1. I'd like to know if the stretch 107-117 contains one or more residues that are without any contact (Cβ under 8 Å) to a residue 12 or more places away in the chain and at positive phi.
2. Looking at this structure, is Ala82 over 15 Å from the mean Cα position of the chain (by Cα), at pLDDT below 95 and either over 21 Å from Cys132 (Cβ atoms) or not polar (S, T, N, Q) (or both)?
3. I'm trying to understand the selection: among the residues of the stretch 77-87, which are open to solvent by 60 Å² or more (accessible area, probe 1.4 Å) and either assigned to a loop (DSSP other than H, G, I, E, B) or among the aromatic types (Phe, Trp, Tyr) (or both)?
4. Based on what the data block shows, is Thr57 open to solvent by 40 Å² or more (accessible area, probe 1.4 Å), outside any loop (DSSP other than H, G, I, E, B) and touching a strand residue (DSSP E or B) at 6+ places or on another chain (Cβ under 7 Å)?
5. Restricting to the stretch 46-65, count the residues that are aliphatic (A, V, I, L, M) and touching an Asp or Glu at 6+ places or on another chain (Cβ under 8 Å).
6. Within the stretch 25-54, restricting attention to residues that are outside any loop (DSSP other than H, G, I, E, B) and at pLDDT below 85, which residue is farthest from the chain's Cα centre (by Cα)?
7. Condition first: within 25 Å of Lys69 (Cβ to Cβ), modelled with pLDDT of 90 or more and open to solvent by 10 Å² or more (accessible area, probe 1.4 Å). Now tell me which residues in the stretch 94-123 satisfy that.
8. Could you run through the stretch 66-86 and say how many residues are among the β-branched types (Val, Ile, Thr) and over 21 Å from Val110 (Cα atoms)?
Amino acid sequence: MRNTARWAMTLGLTATAVCGPLSGAALADPGQAPTALYAPSALVLTVGHGESAVAATPERAVTLTCFPKPSGTHPVAGSACAELRGVGGDIRALTAGEGAVCTKQYDPVVVTVDGVWQGQRVSYERTFSNECVKNAHGSGVFAF
């Protein structure tokens, strides 16, 4: 049941992130065409405590849209998008920042990222040993 709820929430947030710009004023003037085409980049990020995404209940979820401009519910969308562009959208390439000092306490934190990066499907899950280790990796991306 938890997995079904996670996917339903992820699907709803992804739809909101991708379709949100198509509502309201964007649809008001059909004569206004976009000046440039771009591949969509809309992600849903979740975090929860547990060994895996299946076993953990998401505690927080945010949306992140990076093209044409950083937006979404992510608190630092601009720096998160810049960080993702720096690694070519490869979330696995995000590394721990230099100088991060964390305890060896084991209190697992699971981060998931689902959506689309420059038109390509993205699905990522990683379990960090604790909150400090999570925050040290991808400081802008996982800062929510």
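The values are calculated or read from the model by the stated rules, or taken from the named source; none is laboratory data. Treat the numbers as computed from the prediction; the structure is a model and nothing was measured. Cβ sites come from the backbone with ideal geometry, for glycine too, and all protein chains shown count toward neighbours. Heavy atoms of the whole protein, side chains included, go into the accessibility calculation; ligands, DNA and RNA do not. Shrake-Rupley method; radii C 1.70, N 1.55, O 1.52, S 1.80 Å.
1. First pass over the stretch 107-117, keeping only residues without any contact (Cβ under 8 Å) to a residue 12 or more places away in the chain: none.
There is no residue in the stretch 107-117 that is without any contact (Cβ under 8 Å) to a residue 12 or more places away in the chain and at positive phi.
2. Working: over 15 Å from the mean Cα position of the chain (by Cα): no; at pLDDT below 95: yes; either over 21 Å from Cys132 (Cβ atoms) or not polar (S, T, N, Q) (or both): yes.
Criteria not met by Ala82.
3. Selection gives nothing.
4. Values: open to solvent by 40 Å² or more (accessible area, probe 1.4 Å): yes; outside any loop (DSSP other than H, G, I, E, B): no; touching a strand residue (DSSP E or B) at 6+ places or on another chain (Cβ under 7 Å): yes.
Answer is no for this residue.
5. First, the residues of the stretch 46-65 that are aliphatic (A, V, I, L, M): 47, 53-56, 61-62, 64.
Applying the additional criterion that residues be touching an Asp or Glu at 6+ places or on another chain (Cβ under 8 Å) yields 47, 53.
Result for the stretch 46-65: 2.
6. Restricting attention to the stretch 25-54, the residues satisfying the condition of being outside any loop (DSSP other than H, G, I, E, B) are 25-28, 42-49.
If we keep only those that are at pLDDT below 85 too, we end up with 25-28.
Values: Ala25: 26, Ala26: 24, Leu27: 26, Ala28: 29 Å.
By that ranking, first place goes to Ala28.
7. Passing the criteria: Val116, Trp117, Gln120, Arg121, Val122, Ser123.
8. If we filter the stretch 66-86 for residues that are among the β-branched types (Val, Ile, Thr), which is where we start, we get 73, 76.
Filter again for over 21 Å from Val110 (Cα atoms), leaving none.
Qualifying residue count for the region: 0.
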